[in-house]
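Worksheet for the structure shown next.
The values are calculated or read from the model by the stated rules, or taken from the named source; none is laboratory data. Nothing here was measured: the structure is a model prediction, and the numbers come from that model. When we count neighbours, we look across all protein chains shown, and the Cβ atoms used for this are built from the backbone with ideal geometry, even at glycine.
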Amino acid sequence: MNLPLLSILTWLPVIGGIVVMLIGDRPVVLARWVALAVSLAALGFSVPLWSHFDAASAALQFVERTAWVPTLHSDYHLGIDGISLPLIVLTTFSTVLVIIASWSVIEKRPSQYYAAFLIMEGLMVGVFSAADALLFYVFWEAMLIPMFLIIGIWGGARRIYATIKFFLYTFLGSVLMLVALIYLYLKAGSYDLAALYELPLSRPEQTLIFLAFFAAFAVKVPMVPVHTWLPDAHVEAPTGGSVILAAIMLKMGGYGFLRFSLPITPDAAHQLDWLVIALSLIAVVYIGLIALVQTDMKKLIAYSSIAHMAFVTLGCFVGYEIVAVTGSAAGETLALSGAMVQMISHGLVSGALFLCVGVLYDRLHTRDIGAYGGVINTMPYFGAFMVLFGMANAGLPGTSGFVGEFMIVLASFRANFWFAAVAALTLITGAAYTLWLIKRVVLGPVANEGVASLKDLNGREFLVLGVLAIAVIAMGVYPKPLTDVMEPTLRHLVQLMSVSKL
Amino acid sequence: MNQILANSLTLASPEIVLACGASLVLLVDAFLTDRQRGISYLLSMVTLALTAVVVASLPEGRNVGFSGMFVVDGVARFLKLAACGTVAAVLLYSRDYLRIRGLFRGEYFVLALFATLGIFVIVSAGSLLSLYMGIEVLALSQYALVAFDRDSSIAAESAMKYFVLGAIASGALLYGISLVYGVSRTFDLAQLAVFVQLGGASNIGLLFGMAFMVAGIAFKFGAVPFHMWVPDVYHGAPTSVTMLVGSAPKFAYFGLILRVLGEGLGGAVAEWQGMLIVLAVLSIAIGNVVAVAQTNLKRMLAYSTISNVGFILLGILAGTSAGYRGALFYTVAYVLMALGSFAMILLLSRKGFEADRIEDFRGLAQHRPWFAWMMLFLMASTAGLPPFVGFFSKLYVIQAVLDVGLTWLAVVAVLFSVVGAFYYLRVIKAMFFETAAGEVVVEASPSFKFLLSLNALSVLALGLWSGPLSDAIAKAFH
């Protein structure tokens with residue numbers, strides 16, 4: 001197996017997307033099938049990626065490296081480790097689902113819709129596999145354009161406001177990261193991530209670089225108080241856009257913390273971990289309460305995403321406190337793998353919930369919770385799926401939602417009882433807003449004529465939700481394959497984090 | 001003696017070819033009827049092509065002619081080739097636009113060729129006098145070009161503004177030159193550099209003169225606070241003239257600032273760096289912020305030019321060779337994007353319809369998806385988004401600024417580029433998210449469409465693979 005798998009995974013969808021766009025909407029069937037074929041091929045190529053991955057090693061694997069911009073000493077350097085691999089598979093997996101889910105729903109320029117998602121897929125894989133900081137940045141920013149178009153063209157009523165807000169927020173965060181990356185390049189003489197990991201930095205330098213990275217990643221995650229773009233973007237985006245946004249784009253923030261902030265500026269991360277932990281805990285409680293009062297289903301799930309992603313940031317940064325209290329790094333690894341599991345799980349669960357909302361929206365064209373009630377009477381299969389994903393969102397044991405949250409709460413206990421106590425409040429708020437949503441939408445008597453006329457899932461929708469349900473339960477019952485893949489990489493990361501660069 | 005003269009003439013052969021060609025066009029055009037005007041166009045193109053060939057065949061390395069008045073080095077050759085290509089592209093782009101409006105006249109070609117000659121003289125100047133001569137040749141051609149549509153009162157008004165303000169700037173520049181000459185007793189840039197090295201940098205008279213020269217150069221570039229003419233000229237001139245004024249002369253001004261500040265006053269970098277910082281920050285800030293308020297695309301692009309000039313100055317003010325290279329890379333990228341953006345306006349314009357408002361681009365993605373994507377490439381690139389060339393050009397200049405320790409300046413620049421992103425997004429928004437009020441008509445010729453596509457795709461290609469361009473620039477500075 002000497003195929004350049006990572007390049008294939010990056011460029012096949014991009015080229016496929018361009019082909020789909022050139023095919024155009026006449027006939028739309030052809031564009032649709034080509035799009036599906038490309039996304040399935042990408043998923044297919046990620047199978048050997050997983051099976052040939054050496055889970056015992058923390059080193060970069062499937063490495064590809066050629067000179068790219070010689071004057072900037074930047075290489076086309078791809079490679080993955082245990083952090084990137086699950087996220088890449090999540091990306092290829094979600095894209096297939098998104099394309100199937102939007103099979104006959106999109107009426108306006110459908111070929112461009114599929115093309116945008118395929119191009120996004122390639123760029124996202126590029127983000128997760130870039131081992132060169134400049135290449136990473138190029139993929140990271142290039143993604144903004146297709147997402148901007150997805151929300152702006154196929155979104156809801158206030159889509160233009162939402163998409164420009166999304167773009168400017170993320171762009172503002174990113175440019176500061178760019179300045180930090182250039183600064184690092186000038187000191188290290190290379191954009192290679194491995195070189196940046198070894199670069200000694202003084203404390204003021206680390207603090208400023210950390211804050212610049214923080215601006216980029218905190219916006220993407222998103223963390224309170226820079227989260228306000230997310231509810232708007234989620235609500236206005238088409239279903240597929242929301243799924244990709246929630247399932248993958250938010251993960252890039254967490255990925256950035258793990259890939260850049262922690263190993264490049266470990267001392268500043270240690271010094272400023274209180275900031276991240278505080279913001280995360282605030283988000284868990286405050287955003288949980290905000291989610292409770294939402295009347296729009298998508299907005300509710302969007303806020304729930306912010307609360308769940310706060311667990312990821314908590315898991316990423318609570319490690320320093322654990323080491324300070326217990327003196328051992330074991331809890332740190334637990335917290336980090338909890339953060340990773342939470343990211344993957346949230347990718348599946350929030351994606352599934354957005355798809356559920358999409359299913360309802362396609363039928364009644366409203367996302368207002370008040371317009372529904374007793375859906376389970378007319379849509380029993382759908383009701384069952386929605387209840388399952390709701391439970392997973394609330395962190396019910398046996399679903400994937402439980403695993404990550406449990407690991408992070410467990411690890412937080414070792415650092416400080418109150419961290420864990422506040423974080424565990426999510427079990428109450430999360431259950432409250434999710435179950436209340438389920439109660440108002442799915443359960444009870446049929447609320448109105450619209451609901452009475454609903455038709456249950458068609459085969460396509462059943463397939464998409466069914467696959468996600470299997471994944472959610474499998475991860476909840478047996479997360480070991482996932483944690484095993486990440487373990488050595490996270491151990492290595494903990495080592496990098498604990499070595500002072502001063 | 002004859003040998004020396006022959007050498008000098010050889011070095012100046014591109015200028016001689018160009019001047020002869022321009023005169024020939026002027027002469028031939030007098031005998032042509034309106035229907036034969038294509039001959040002038042062809043002759044101009046041939047002149048530019050011939051000139052480019054002659055430039056390419058000049059001897060390698062740095063050569064000096066006319067007792068130091070005239071310099072041909074890698075940078076000069078690079079800038080001349082770039083200017084030839086740009087002017088040729090402008091002529092091709094503007095052919096239909098001019099013809100439809102009854103402006104397809106020989107003067108346009110003659111003036112464009114003389115403007116090119118001015119550019120050539122500026123970038124090859126070895127002395128402040130030859131430099132000034134080039135500036136005037138270029139400036140006078142541009143004044144006349146802006147007023148070229150003589151029935152348009154708005155064009156006449158903007159030409160008047162341009163001329164009056166330009167004359168003041170030329171005066172300031174000339175005053176600065178005379179002060180510098182008074183102190184250093186030389187017009188020669190190489191000798192001036194020696195004078196500055198030997199302690200002239202602290203001479204108050206020299207600094208005084210330098211300040212006037214910087215002001216004059218800033219006016220030519222259109223840097224804030226000397227930018228007032230830019231929006232009016234860009235807006236008032238016929239679009240094809242705006243395209244010419246907004247593209248190729250940037251190469252000349254880059255050459256101008258490089259020759260004067262980089263070479264002649266290179267030893268006084270600490271003194272002029274502060275002035276350029278003020279100009280750059282103001283240009284980036286005001287250019288980007290005011291552009292947000294524009295509804296006219298030509299005016300918006302004018303303010304965008306101002307902010308881009310600020311970025312070019314960022315590269316220059318670093319005062320390092322990496323900075324100059326970055327600034328040249330930026331200039332090339334900017335000219336490509338400006339050419340493409342104005343060409344998009346030309347593409348959509350037709351008789352009685354200028355297509356120069358942002359709303360004229362509404363619904364383009366629906367009716368002409370290909371060109372909507374081309375415009376998206378151009379706008380995203382100008383906004384500095386990867387993977388387009390505009391991103392790398394910003395990267396190079398910001399890197400140069402960080403390298404000399406001006407971190408705050410880099411942060412200011414990138415923050416204002418976020419503001420800038422907003423108004424480029426507005427164009428994309430109009431094209432992709434809104435629907436057209438009427439029908440979208442594209443009447444351009446196949447060669448126009450081909451060149452425009454090539455132009456926009458090169459913005460993407462040079463971003464994905466910027467090696468060849470940065471190598472060529474590195475070689476030019478070698």
**Prompt:** Taking the stated definitions as given, is A:LEU211 surrounded by fewer than 21 Cβ atoms within 10 Å (Cβ to Cβ) and either closer than 24 Å to A:ALA116 by Cβ or touching a helix residue (DSSP H, G or I) at 6+ places or on another chain (Cβ under 7 Å) (or both)?
**Reply:** no
**Message:** Report every pair of residues separated by at least 6 positions or lying on different chains whose Cβ atoms are under 7 Å apart, first residue within region B:300-324 and touching a residue at least 12 places away in the same chain (Cβ under 8 Å), second among the polar types (S, T, N, Q) and part of a loop (DSSP other than H, G, I, E, B).
**Reply:** B:MET300/B:GLN294; B:TYR303/B:GLN294
**Message:** Looking only at residues that are more than 14 Å from every other protein chain (Cβ to nearest Cβ) and charged (D, E, K, R) in region A:46-87, which one is farthest from A:LEU123 (Cα to Cα)?
**Reply:** A:ASP54
**Request:** Test A:ALA133 against the stated conditions and say whether it is surrounded by 23 or more Cβ atoms within 10 Å (Cβ to Cβ), modelled with pLDDT of 90 or more and farther than 27 Å from A:LEU258 by Cβ.
**Result:** no
**Message:** Any residue in region A:127-151 that is more than 10 Å from chain B (Cβ to nearest Cβ) and part of a loop (DSSP other than H, G, I, E, B) sitting within a Cβ distance under 8 Å of a residue that is surrounded by fewer than 24 Cβ atoms within 10 Å (Cβ to Cβ) and of a type in the set (Asp, Glu)? List the pairs, counting only those 6 or more apart or interchain.
**Reply:** A:ALA131/A:ASP192
**Message:** Condition (residue is more than 30 Å from B:LEU98 (Cα to Cα) and either within 8 Å of chain A (Cβ to nearest Cβ) or touching a Phe, Trp or Tyr at 6+ places or on another chain (Cβ under 6 Å) (or both)) applied to region B:446-460: is it met by at least one residue?
**Reply:** no
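Mind listing whichever residues of region B:33-89 are on the phi > 0 side of the Ramachandran plot and in a loop (DSSP other than H, G, I, E, B)?
B:GLY61
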**Asked** Within region B:276-289, is there a residue that is surrounded by fewer than 24 Cβ atoms within 10 Å (Cβ to Cβ) and in contact with a strand residue (DSSP E or B) (Cβ under 6 Å, 6 or more places away or on another chain)?
**Response** no
**Message:** Of everything in region A:200-236, what is of a type outside the set (A, V, I, L, M) and over 26 Å from A:ALA157 (Cα atoms)? Give them in sequence order.
**Reply:** A:PRO200, A:SER202, A:ARG203, A:PRO204, A:GLU205, A:GLN206, A:THR207, A:PHE210, A:PHE213, A:PHE214, A:PHE217
**Prompt:** How about region B:192-225: which of its residues are buried (at least 17 other Cβ atoms within 10 Å of the Cβ), of a type in the set (Val, Ile, Thr) and closer than 15 Å to B:LEU265 by Cβ?
**Reply:** B:VAL196, B:VAL214, B:ILE217
**Request:** Kindly provide the set of residues from region A:348-396 that are aromatic (Phe, Trp, Tyr), crowded, with 23+ Cβ neighbours inside 10 Å and either within 16 Å of A:ALA291 (Cβ to Cβ) or under 24 Å from the mean Cα position of the chain (by Cα) (or both), ordered by number.
**Result:** A:PHE354, A:PHE385, A:PHE389
**Request:** Could you tell me which of the residues B:LEU189, B:LEU265 is touching a residue at least 12 places away in the same chain (Cβ under 8 Å), buried (at least 22 other Cβ atoms within 10 Å of the Cβ), touching a strand residue (DSSP E or B) at 6+ places or on another chain (Cβ under 7 Å) and not charged (D, E, K, R)?
**Result:** B:LEU189
**Asked** Pick from A:LEU30, A:LEU49: which is more than 27 Å from the chain's Cα centre (by Cα) and at pLDDT below 90?
**Response** A:LEU30
**Message:** For the condition β-branched (Val, Ile, Thr) and over 18 Å from the mean Cα position of the chain (by Cα), what is the one hit in B:VAL290, B:VAL260?
**Reply:** B:VAL290
**Pick from region A:156-185, criterion more than 18 Å from A:PHE217 (Cα to Cα), touching a residue at least 40 places away in the same chain (Cβ under 8 Å) and within 9 Å of chain B (Cβ to nearest Cβ), ranking: surrounded by the fewest Cβ atoms within 10 Å (Cβ to Cβ)** = A:ARG159
**Request:** Enumerate the pairs (first residue in region A:194-219 and farther than 11 Å from A:SER261 by Cα; second residue anywhere and of a type in the set (Ser, Thr, Tyr) and part of a helix (DSSP H, G or I)) with beta-carbon separation below 7 Å, excluding pairs fewer than 6 apart on the same chain, so at least 6 apart or on different chains.
**Result:** A:VAL219/A:TYR169; A:VAL219/A:THR170
**Prompt:** Would you call B:VAL137 surrounded by fewer than 24 Cβ atoms within 10 Å (Cβ to Cβ), within 22 Å of B:VAL54 (Cα to Cα) and free of Cβ contacts under 8 Å to residues at least 60 places away in the same chain?
**Reply:** yes
**Subset of region B:30-41 (residues that are within 31 Å of the chain's Cα centre (by Cα) and over 19 Å from B:ASP96 (Cβ atoms))** = B:ALA30
**Prompt:** In this structure, does A:ALA195 turn out to be away from chain B (no Cβ under 13 Å), aliphatic (A, V, I, L, M), surrounded by fewer than 21 Cβ atoms within 10 Å (Cβ to Cβ) and more than 20 Å from B:SER417 (Cβ to Cβ)?
**Reply:** yes
**Item:** Residue, nearest to the chain's Cα centre (by Cα), within region B:428-440, restricted to residues that are surrounded by 14 or more Cβ atoms within 10 Å (Cβ to Cβ) and more than 12 Å from chain A (Cβ to nearest Cβ)
**Value:** B:VAL440
**Message:** On the basis of being in contact with a Leu (Cβ under 7 Å, 6 or more places away or on another chain) and modelled with pLDDT of 90 or more, does A:VAL387 make the cut?
**Reply:** no
**Message:** Considering only region A:202-221, I want to know if a residue exists there that is more than 14 Å from chain B (Cβ to nearest Cβ) and closer than 26 Å to A:GLY17 by Cα.
**Reply:** yes
